[in-house]
Amino acid sequence: MIHFLILQRTLVRVFFLRHAGFLGVIAYLAFGFMRASDHEAIMEAALISPFLLAGFVAIWMLYALRAVSFVRKTLSAPELTFLQTLRLLSGPRRWLVWAGVFWNVLGPVIGYAAWTVSVGIKRGATGPVVVIIASVLVLWLAAVGATDWRLHRPQPEPLRLPTRRFVLPYWLFFPAYLARHRPLILTLTKVVSCLLLTGVCRLYPTDDYDERLLLIGLILSVITHAGLCQQFGAFETRNLLLLRNMPFSNWQRLGLYALTYALLWLPEALILARNWPGHDWPGHEWPGGLSLLFGVLLWLTGLAWLLALHTLVYNRPDDVDWWFRRVFAGVIVGTILTMFGVPVWVWLLTGLAVVSFSGRRAYGSN
Amino acid sequence: MLQLANLSKAYAGRTVISVPDLILPSGIHWFRGINGSGKTTLFRTVAGLLPFAGQVWLDHQYEVTKTPVDYRMRVNYAEAEPLYPDFLSARDLARFVGKAKQAPPGQTEALADQLGMTGYWQQPVSTYSSGMLKKTALLLAFLGDPRVILLDEPFTTIDDVAGAVLLTLIQEARQRDVLFLLASHQDISLSGLTITATWRVQDGVLQ
């Protein structure tokens, strides 16, 4: 029991804290915009369409992959070396402990699968129900097996890349870290963020929408990056402590961060350019559309708020809970204010004001 | 000269280091103390790595929070147990720090050569031993034109040859009147360096 409780605190709790931003957006979309009856309609469709059912399983698999990758990586962290003592437990007992851990970590998947199964039983769809139960069981057991395997091989040989001839500039440090150590979170963040922006851009011409739709899409897209901002802060606190000793002014520091975030935020610019519902956009001319200037302001506002999230991380680098609470409150307040028609330029200026104020608090005055 | 006034650093309400008033004239100052006594926190605070209460003045002109850019340009620091992103090389880090600290042309390469790092400094730090990591930290601490260099446990993990090179670097810097703060469990007085003062850190208090 004590082993399970320790793993609960060191792995399960940390997993949900680290992914609170991403899971929050998913929950917001899945249970904010959609009603229970909408979910059941999709589940019924999946029960009669193997293709849609495969889509369900694929999404669950992606989640499980992320969960296993996180747990395996966390097990190798220097501060958790003591968890290696789990090897002293007997095999069945160890598997039982891991099964308990993954029952919790895979909770969202297991819960949604159970709901789908209950709908399937009501509809008498025995075949798809068996497939769902088997899929979840396989994911659960695979997660347990992969984690136990890592416990026995705690420090795998890292991938050796050829020696670089060029010097890596600072603004590429964090993107390089993400690509090397957090590829899944980077990919998922960018895919979800780009899909959100594509969705609102394509939804806009279908009804009598206005700029607020794009702004709500932007809020969700920015908040999807909450995990990346948190990772950025953790990366520099842990691996680049010397940064605080560098003779940079606040504006120099923010300039360097702006370069990094502009690079990370670049795919969204391409997505907006490709799908922009504009009245003055080549190939997308449409009298009821949005101006190109609004599009540019929208992208810059996203960049400003990413920087704002970043500076907020530095105000309390050791208090992830504090930061995520404010991020969630910000999403709710931001959505309400947008509904009341706060324009994009106000959001841009507010974001820059937060960057300036919070940046001064984080890095000191000059 | 370095002056600390009403310096206090606390973690979660517990004071880790407290220095009411301290003047460190030019020279080599040796800080001793058992593990957890507050040496590293003191060094990190003076280097501007941690927020704190109080003031730290350099040459009566530069204060760590009031003139952070000028202060940090002149105060360098080497960690006891340095940790860097594993995909970066010592060269990446040295170029980044060298540019920020306005290192003169050729200084980075010359230091890397002196410390015997040129054979591996293009390799990612994930391939380094603890001694190689320590040499990287020492190289970074001598970049630019510092007035103060803080070295936390500089002699641990490095080999005899690197230790001798480090002593030479310190002596050369002393000729330029650089102030050194050294934290070490080893007896530095045996190294041949002229120690200006020895300070004992105990329970977060300097004696």
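Among A:345, A:265, A:149, a tally of other beta-carbon atoms within 10 Å of each Cβ gives an order, fewest to most, of A:149, A:345, A:265. Multiplying the residue separation of residue B:60 and residue B:81 by 0.36 nm and removing their Cα-Cα distance gives an extension gain of 4.5 nm. The listed peptides B:148-157, A:185-194, ordered by packing as a protection proxy, come out as B:148-157, A:185-194 (highest mean of other Cβ atoms within 10 Å first). Straightening the chain between residue A:262 and residue A:30 buys 80.6 nm, computed as 0.36 nm per residue apart minus the Cα-Cα spacing. For residue B:39, a cut-off of 17 angstrom between C-alpha atoms picks up these aspartates and glutamates, skipping any fewer than 8 places away in its own chain: B:21, B:79, B:81, B:152, B:153, B:187, B:203.
Counts of other chain beta carbons within 10 angstrom of each beta carbon in peptide A:241-254 average 6.
Where only DSSP H runs of four or more residues are counted, chain B gives -9000 deg cm²/dmol as its mean residue ellipticity at 222 nm, each run worth -39500 (n - 2.57). All distinct Cα pairs of the protein assembly as shown go into the 1/r average, and the inverse of that average, the Kirkwood radius, is 26.9 Å. Per-residue ellipticity at 222 nm computed for chain A from its helices equals -24000 deg cm²/dmol, with DSSP H segments shorter than 4 residues left out and the rest contributing -39,500 (n - 2.57). For the cross-link pairs B:101/B:134; B:9/B:135; B:101/B:135, the ones whose C-alpha atoms lie over 21 Å apart are B:9/B:135. Taken residue by residue and averaged, Cβ atoms of other chains lying within 10 Å of the Cβ of B:63-69 number 4. Each listed q (0.13, 0.19, 0.22 Å⁻¹) maps to a log10 I(q)/I(0) for region A:288-366 from the Debye sum over equal C-alpha point scatterers, namely -0.45, -0.87, -1.06.
Using all pairs of distinct alpha-carbon atoms, the Kirkwood hydrodynamic radius of region A:1-129 works out to 16.6 angstrom.
Put in line by how crowded their Cβ is, counting other Cβ atoms within 10 Å and starting with the fewest, A:79, A:268, A:211, B:172 read A:79, B:172, A:211, A:268.
Each Lys and Arg contributes +1 and each Asp and Glu -1, all at the Cβ; summed about the Cα centre of the protein assembly as shown, the dipole is approximately 880 debye. Taking the Cα centre of region A:57-165 as origin and assigning +1 to Lys and Arg Cβ atoms and -1 to Asp and Glu Cβ atoms, the resulting dipole is close to 320 debye. Taking 0.36 nm per residue of separation and subtracting the current Cα-Cα distance, fully stretching the chain between residue A:114 and residue A:165 would add 13.1 nm. Remark: region B:1-134 carries a charge dipole of roughly 220 debye about the Cα centre, counting +1 on each Lys and Arg Cβ and -1 on each Asp and Glu Cβ. Take each peptide in B:109-121, A:81-93, count the other Cβ atoms within 10 Å of every residue, and average; sorted highest first, the result is B:109-121, A:81-93. With a simple spin-label model that places each label point 7 Å from the Cα along the Cα-to-Cβ direction, the separation between residue B:8 and residue B:159 comes to 4.8 nm.
Bear in mind that the values in this text are calculations on the coordinates, not laboratory data. Since the structure is predicted, the reported quantities are computational estimates derived from the model, not experimental observations. Note that we place each Cβ from the backbone using ideal geometry, even for glycine, and neighbour counts take in every protein chain shown.
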